[in-house]
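Laboratory data are not the source of any read-out in this text; all were calculated from the coordinates shown. The structure presented is a predicted model; accordingly, all values stated were derived computationally and were not measured. Neighbour counts run over all protein chains shown; Cβ positions are idealised from the backbone, glycine included.
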Amino acid sequence: MTSYRITQRTGLAGGFFHLLAETDTPPGKVRPGSFVMIRCADGTDPYLRRPMSVADFAPDGARIGLLIQNVGRGTGLLAQKSVGDTLDVIGPFGTGLFVTPEPGTKLWLVAGGTGIAPFLGYVENNDLSKSSAGTTLFLGARREELLFFRDRFAAATDLDVALATEDGSAGEKGFVTAAMERRLANGERPDLIYTCGPTPMMKGVAAFAKRIGARCMVSLENRMACGFGACLGCVQKVAGKEDYTTVCKRGPVFDAQEIEL
């Protein structure tokens, strides 16, 4: 358990907000795809911690950023936190994580909604030039103001950013997969795809990857109660088997062919 002090709180559109927090006792190595379990209140209501993907971070965990949407009791209490308040955090967790691909790999990152969180840390903590064939981020949302952190992504070196909004207010009009199809039609083709976001979006991305013969890694955002694999609340069905795996211990990042989305 680590106590973090909130150093910055930024309100965003759609009930989203970003918390930046620091600690004097770093908990250990944080990597893109890591998540933490956060206590929402000092008392026992709500009793369970909430799982949160780590967005921006210091590699030793001395600083973590969290992208949160106020949607319920727990996140509503976190939304009331302000600069100077503390966060009771367990983690980081996650054994299946996003890793730096081999040199020469053409990598596409595909994100929607809160699924953008792990890619902020990925871009800001990796030398993208190591993927010598280039890295493209496809960032999708319902409307322009929900395209979070796009200025920070635009400032990253060796990163090509493609936007898509369902209402056409920014970038390609339609789902983010439409922007991917257009790039494919123009002769671009990835070797590897990393994706995180709503399940229907990830299913579409996985189907796209399978069709063109690219490997696809998906980061799941299942509900979790413990983070240790004990409660079995986050299980995901294994592809082709009558079996399930725990997202918190085995994931949260999986090869899309290993599971049923």
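Counting only Cα atoms, the size of region 107-221 along its three principal axes is 34, 31, 30 Å, in decreasing order.
Want the number for Asn125 to Glu22: 0.36 nm per residue separation, take away the alpha-carbon distance, what's left? Don't jump to the answer; show the numbers that get you there.
Numbers: separation 103, 0.36 × 103 = 37.08 nm, distance 1.70 nm.
Additional length available on full extension: 35.4 nm.
Could you pull out the trypsin sites (Lys or Arg not before Pro) across region 136-239 that fall in loop regions by DSSP (anything but H, G, I, E, B) with no more than 13 other Cβ atoms inside 10 Å? Show your work: numbers first, answer last.
Numbers: sites: Arg142, Arg143, Arg150, Arg152, Lys173, Arg182, Arg183, Lys203, Lys210, Arg211, Arg215, Arg223, Lys237; in loops: Arg142, Arg143, Arg223.
Answer by residue number: Arg223.
The H on the amide N of Arg143, modeled in the peptide plane, is under 5 Å from the matching H of Glu166, each at least 5 residues off or on a different chain.
Considering only Gly140, Gly104, Gly91, the mean-square fluctuation computed in a Gaussian network model of the chain, springs between alpha carbons under 10 angstrom, is largest for Gly104.
Could you compute the net charge surrounding Pro200? Neighbours are other residues with a C-beta less than 15 Å from the C-beta of Pro200; K and R count +1, D and E count -1.
-1
Pairs of Lys residues in the chain, spaced 8 or more positions apart or belonging to different chains, with C-alpha separations under 24 angstrom: 14 in total.
From the helices alone, meaning DSSP H stretches of at least four residues, give me the mean residue ellipticity at 222 nm for the chain, per-run term -39500 (n - 2.57), in deg cm²/dmol to the nearest 500.
Values: 6 runs with 48 residues, N = 261.
Dividing the helical sum by the residues of the chain leaves -5000 deg cm²/dmol.
Within the chain, antiparallel bridges make up roughly 55 percent of the DSSP beta bridges whose residues both belong there.
Taking every Cα-Cα distance in the chain and sorting them into 5 Å bins starting at zero, the pair-distance distribution P(r) comes out as 1, 6, 13, 18, 20, 17, 13, 8, 3, 1, 0, 0 percent. For Lys130, the shell of other residues with beta-carbons less than 10 Å away shows a net charge of -3, using +1 for Lys and Arg and -1 for Asp and Glu. Short-range pairs are left out: with C-alpha atoms under 8 Å and at least six residues apart, the relative contact order of region 69-182 is 20 percent. In terms of Cα atoms, the Rg and Dmax of region 1-145 work out to 15.8, 51 Å. For region 164-261, count all C-alpha to C-alpha pairs, find those more than 18 Å apart, and express that count as a whole percent of the total. Result for the distance tail: 52 percent. When the GluC sites (Glu not before Pro) in region 159-261 are filtered for DSSP coil states and for at most 10 other beta-carbon atoms within 10 Å of their beta-carbon, the remaining sites are Glu242.
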